[in-house]
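Here the structure comes first, spelled out in structure tokens, and everything after it is commentary.
Bear in mind that the values in this text are calculations on the coordinates, not laboratory data. As the structure is a prediction and not an experimental result, all values here were calculated from the model. Glycine also receives a Cβ, built like all others from the backbone with ideal geometry; neighbour counts cover every protein chain displayed.
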Amino acid sequence: MSEIENIAKQMIAKGRGILAADESTGTMTKRLSSINIESTSENRLKFREALFSAEGIKNYIGGVILYDETIKQKTSSGKTIPELIRSFGSIPGIKVDIGTKKLAGSPEEKITEGLDGLRERLAEYYKLGARFAKWRAVYNISEEYPSKLAIKSNAHALARYAALVQEAKMVPIVEPEVLMDGKHDIMKCYKVTDGVLKECYKELKLHNVNLKGTILKPNMILPGNKSKDKSNTLEIAKMTLKCIKENVPNEVPGIAFLSGGQTEIEATQNLNEINKINDTNFLLSFSYGRALQQSALKNWAKNIRDINNTQKIFNHRSKMNGLSTSAKWSMDLEKQLTV
Ligand code: 5MM
């Protein structure tokens, strides 16, 4: 097995998932302002260091996605952030897209940018300790969107990114996110995600990306957040698994779902249900941002010196999600946290 194939497996093997802590400074500022904490580089580091040095990382988090600022920061004890993550048995990774812009030709939609100079940036991130990378494309659902143009251009960019990441000896996380904003029903989400995944794998193959050394980070198949149609967990699980089976080539070792605005418990419960009915060889895991951090961040906001309880909450969320990767989560276990 090649080095990147090995890394891809390690990131989500044995009940582990990925912590998406790659909020850009703009997003992190929104998150911190909403809890009345000043978004300084020191505060961003304090919160992240609390999470990265929590026990939950050791057992349940196989990889941590970092932002450019964080991968270059040092902890209070002088270790670099990648060294800290490594010392907890997890693999450091890096977000390498530089965000979304209006898509020329269809300005209501978004194209993800960051390909210029990417080869050089990847070499630098490798030296800093990153062994995987992430690039996120976003697609909006409405009557007319996503357009063919948005689907094709984002898939093309994802494939060019993935090929460059493998050339740099790292694992690309391929993240095409169909957003849950809107009134659409679950079937519409299925159809759009189906089209998006088909185009992504067409482009990844065209660019000779070794699929065994990749991880897919897709959305689950859900009704829109303003939909009248309320799907149950089993329906979400069945539709999500069907979409994966029909579109993801068998060589892909694993899939790490994003949470996309679901509550912490919804994200855990849905993944647990997907794993209950998983009859594939794919490792089906998580790569959550908000669904791993929300409660921990709220607690930290009450008292930024209360690292202990912040870590306790994060450890619990990590454990619940870890259990959901083997369908062993339950609401009773969920309630066992006391802070
Ligand atoms: C953690 O947030 C990531 C970065 O967002 P911005 O570039 O907008 O600041 C984001 O890509 C995240 O990794 C994915 O959306 C998954 O996070 P959720 O919260 O949806 O699980």
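Points to keep in mind about this one:
- Separation of segment 212-264 and segment 286-338, taken as the distance between their Cα centroids, equals 21 angstrom.
- Cβ charges +1 (Lys, Arg) and -1 (Asp, Glu), total dipole of segment 3-334, debye: 460
- Ordering W329, G195, S24 by Cα displacement along the dipole of the chain toward the positive end leaves W329 in first place; charges were set at the Cβ atoms of Lys, Arg (+1) and Asp, Glu (-1).
- Distance violations [Cα-Cα > 18 Å] among K148/K188; K72/K212; K74/K127: K72/K212
- Percent RCO, i.e. relative contact order, over the chain, from Cα pairs under 8 Å lying at least 6 residues apart: 18
- For the peptides 38-48, 12-22, the ranking by mean Cβ contacts within 10 Å, running from highest to lowest, is 12-22, 38-48.
- Ranking H316, I65, A162 by how far each Cα lies toward the positive end of the dipole of segment 3-334 (charges on Cβ) leaves H316 at the top.
- Centroid-to-centroid separation of segment 177-195 and segment 17-53 [C-alpha atoms, Å]: 29
- A helix-only calculation puts the chain at -15000 deg cm²/dmol for mean residue ellipticity at 222 nm, using -39500 (n - 2.57) for each DSSP H run of at least four residues, averaged over all residues.
- Remark: relative contact order (segment 93-192) = 31 percent; criterion is Cα-Cα distance under 8 angstrom and separation of 6 or more residues.
- The chain: C-alpha gyration tensor shape, a/c 1.5 cut-off, then a/b vs b/c: rounded
- Within a Gaussian network of the chain (alpha carbon springs, distance under 10 Å), most fluctuating of S231, S287, S53: S231
- For the residues K202, K95, K319, a GNM of the chain with alpha-carbon springs under 10 Å puts the largest fluctuation on K202.
- Whichever aspartates and glutamates have a C-alpha closer than 18 Å to that of K228, once near sequence neighbours (fewer than 8 apart) are set aside: E143, D181, D185, E266
- Candidates T75, T40, S285 compared by Cα position along the dipole of the chain: farthest toward the positive end lies T75, with charges placed on Cβ.
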